[in-house]
1. Excluding residues fewer than 8 places away in the same chain, name every one of the lysines whose C-alpha is closer than 25 Å to that of Lys204.
2. Find how many whole Å separate the alpha carbon centroid of region 63-90 from the alpha carbon centroid of region 127-148.
3. Given the whole protein assembly as supplied and a 1.4 Å probe, what does the accessible area of Ser274 come to in Å², nearest 10?
4. When the Karplus curve 6.51 cos²θ - 1.76 cosθ + 1.60 is applied with θ = phi - 60°, which whole-Hz ³J(HN,Hα) does each residue of region 92-108 get, with x for Gly and Pro?
5. Run the numbers on the chain and let me know its relative contact order in percent, using alpha-carbon pairs under 8 Å that are six or more apart.
6. Pull up all non-local amide H partners of Met246: gap of 5 or more, or a different chain, and H-to-H distance under 5 Å with H placed in the peptide plane.
7. How would you classify region 155-284 from its alpha-carbon gyration tensor, with a ≥ b ≥ c the square roots of the eigenvalues: rounded for a/c under 1.5, else prolate if a/b is greater than b/c, otherwise oblate?
8. For helix 230-239, what angle does its Cα long axis make with the longest principal axis of the chain, in degrees from 0 to 90 and rounded to 10?
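The values are calculated or read from the model by the stated rules, or taken from the named source; none is laboratory data. Quantities reported herein were computed from a predicted structural model and do not represent experimental measurements. Cβ: placed from backbone, ideal geometry, glycine included. Neighbour counts: every protein chain shown. Calculation scope for accessible area: heavy atoms of the full protein, side chains included, ligands and nucleic acids excluded. Shrake-Rupley method; radii C 1.70, N 1.55, O 1.52, S 1.80 Å.
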Amino acid sequence: MKVSIISLLGLLLATSCVYESKPFKESKILAGETVSAATLNEGYHTYLEYCVQCHGESGKGDGAASKGLLPPPRDFTQGLYKFVWANYGELPHDEDLHRLIRHGLPGTAMLPWDISDERLKAVTHYIKTFAPEVWEGEDKVRGEKLVIGADPFGPEKKVEAIARGAKVYHVDASCIQCHRGYAERAEIKKWGGDSTATDLYQLKPQDSEFNYKALPPDFTLHELRSVTDTDSLIQRLMYGVHGSGMPGWKDVISDDDIWAVAYYVESLRDLKGSANRKALLEKLK
Ligand code: HEC
Ligand code: HEC
């Protein structure tokens, strides 16, 4: 009994040491913003409480619970984020990281975190300190926000939008280089596309900058990580998924084509679990 009380006390002491330790003595300048030592210390404690199991003490994504996770937890020392609303190579805005941490990434081990706004802000600053070359200094600037033209279709032209999006998807933007096809070969041929690929109806895993192969989702089957509504889908299509092979499409295809392909992807998402999905797959066999 005595032994267990002593070891319990020891454990409490060790835990409180971690929680009272203040590794940051000074403020840091992160992307031009001065962040106080108190905030960074709060971020550190939040991180130890909720994030370290997966993202690891050194932020390299190698925490005790990271083993075998696919996709693996993000290595914060890379300073590269897949689902932010910033161009590749540009720094994201804090709201971006807040949104990702709040909503989590469905279909992965990254859960939504219901922590106070203060802790959310603090932990967001803290994870930047793992990538000082990317974040530290007055000269580091955030990315430009991309702006897309208004929706040229709207609900009344939805059918037209989906039809145009199907062609953009299979032919003009050739999303099927990585994603699977959902149209019949004859239809793709009619649109002037390459209808002969043997892997047309397969998902093609892509080399990533995160040491694993990223699997493009099947929109009629898989959960999407960062897409909850039309707006977040449009943002994703504009920026791409960084380091995972999925390019951004803003100024690569026209804004109207981005809207059209978004309508098309949403129509595929609507097939989830339906008899229509089964019928479509049957037809493509
Ligand atoms: C159970 C494991 C786990 C825990 C705990 C966890 N994460 Fe994650 N996190 C992941 C995984 C896995 C990914 C990568 C998902 C992917 O690549 O699609 C990730 C990705 C991220 C990303 C990158 C998003 C992007 O766009 O690249 C951020 C930021 C993040 N986590 C922050 C946090 C914070 C902050 C906490 C604690 C409040 C936390 N995570 C706790 C597993 C976890
Ligand atoms: C060069 C390969 C490639 C091309 C081309 C490509 N994608 Fe992707 N896409 C991917 C990969 C890989 C993922 C999964 C990324 C991950 O989760 O790590 C993905 C993910 C997505 C997602 C899900 C994002 C999320 O939040 O989960 C959407 C939506 C998407 N792609 C749409 C498209 C559309 C529409 C096109 C064509 C306009 C396209 N992609 C072209 C490789 C590609």
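1. Within reach: Lys67, Lys82, Lys167, Lys189, Lys190, Lys213, Lys250, Lys272, Lys278, Lys283, Lys285.
2. 15
3. Counting only protein heavy atoms, the figure is 40 Å².
4. 3J(HN,Hα) across region 92-108, in whole Hz: x, 7, 4, 3, 4, 5, 4, 4, 5, 6, 5, 8, x, 10, x, x, 10.
5. Computed over the chain, the figure is 18 percent.
6. Under 5 Å from the amide H of Met246: Val241.
7. rounded
8. Between the helix axis and the principal axis of the chain, the angle is about 80 degrees.
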